[in-house]
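Here's the structure, in structure tokens; my notes come after.
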């Protein structure tokens, strides 16, 4: 009834009234074909998320509404927010302004934008969540495993931040960001991401033993399995199965869709499952190789995470190269990290100012 009335209203306009009807939707696939016939919504314009130039211009519009500190650079923010929509960028500016207000600052500085970006991308900090020393240590080694494998995979995106402060639904997180907008996904990067995803679980097993591996890798395992399945069934990246599509997505209400096998008998399905398993296990082997060869760096990075709770990508690179972290806001400035190997729990929790009074926690 609503659709019919809308069609009547659209057809009832006089041609000389100069009225242009514009509508927007995120699901054009579920629209009634009657709406898309010539004379109605017959011209479709796809609006993707903005590129770096678009993000910079959108930020400039929203930043006019807030008082900015001299160090704010919209180009730098735009470069660090690939995949953000216009609404995401508006939310980012708003979150930065709120952070500045909470810190009793008159101007919104670059630090507020950086912290707001972490909140938008990684989730809000859960500082009320109390973790035992053993849980912190497990989380630190888990995230250090992800980070160390990422550093040793040339195709992996650079690390933005690693943190062991709970955010959202995760106890820790290694956030990677692409250096530029990308519009395709290459095989070498897929294999790198499989290895990075397995790095956390492998680190747990190397340090704490087979029986102490935790459920913290459940999200990593799901991600790796989904990626491997897409490689085999959608993107034709299995040498045994060839460049064929074996699954297709079936859209559902409000995007709640599912995938279904489109071809092949039981033997083909067994081969698909075997190829998916082989890809995931290949990532597991690669992560094991890296972390076994560089166990000293794994201890070093985990100890630094326990000490500082959050590390930037630049700090992780410096730490891996020369074993130091150079922070201007630290009591001693340049700090040498000495890995603690064994059962001793390193003392955690040294925090530094500049990030809202305490180092941001991450998951």
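Annotations
- Candidates are the residues of segment 24-41 that are in contact with a helix residue (DSSP H, G or I) (Cβ under 9 Å, 6 or more places away or on another chain) and loosely packed, with under 10 Cβ neighbours inside 10 Å; the one that is modelled with the highest pLDDT is 26.
- Subset of segment 42-55 (residues that are surrounded by 12 or more Cβ atoms within 10 Å (Cβ to Cβ) and part of a helix (DSSP H, G or I)): 52, 54, 55
Table: residues versus (1) in contact (Cβ under 8 Å) with a residue 40 or more places away in the chain; (2) within 18 Å of the chain's Cα centre (by Cα); (3) surrounded by 21 or more Cβ atoms within 10 Å (Cβ to Cβ).
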{"position": "64", "(1), (2), (3)": "no, no, no"}
{"position": "69", "(1), (2), (3)": "yes, no, no"}
{"position": "118", "(1), (2), (3)": "yes, yes, yes"}
{"position": "145", "(1), (2), (3)": "yes, yes, yes"}
{"position": "158", "(1), (2), (3)": "yes, yes, no"}
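- The selection criterion, being part of a loop (DSSP other than H, G, I, E, B) and more than 19 Å from the chain's Cα centre (by Cα), does not hold for residue 29.
- Identity of the residue in segment 1-22, part of a loop (DSSP other than H, G, I, E, B) and surrounded by 10 or more Cβ atoms within 10 Å (Cβ to Cβ), that ends up modelled with the highest pLDDT: 21
- Taking the criterion of being assigned to a loop (DSSP other than H, G, I, E, B), in contact with a helix residue (DSSP H, G or I) (Cβ under 8 Å, 6 or more places away or on another chain) and either modelled with pLDDT of 90 or more or farther than 17 Å from residue 175 by Cα (or both), the residues of segment 66-82 that qualify are 66, 69, 71, 72, 73.
The values are calculated or read from the model by the stated rules, or taken from the named source; none is laboratory data. Given the structure is predicted, the values throughout are model-derived calculations rather than measurements. Counting neighbours? That spans all protein chains shown, and the Cβs are built from the backbone with ideal geometry, glycine included.
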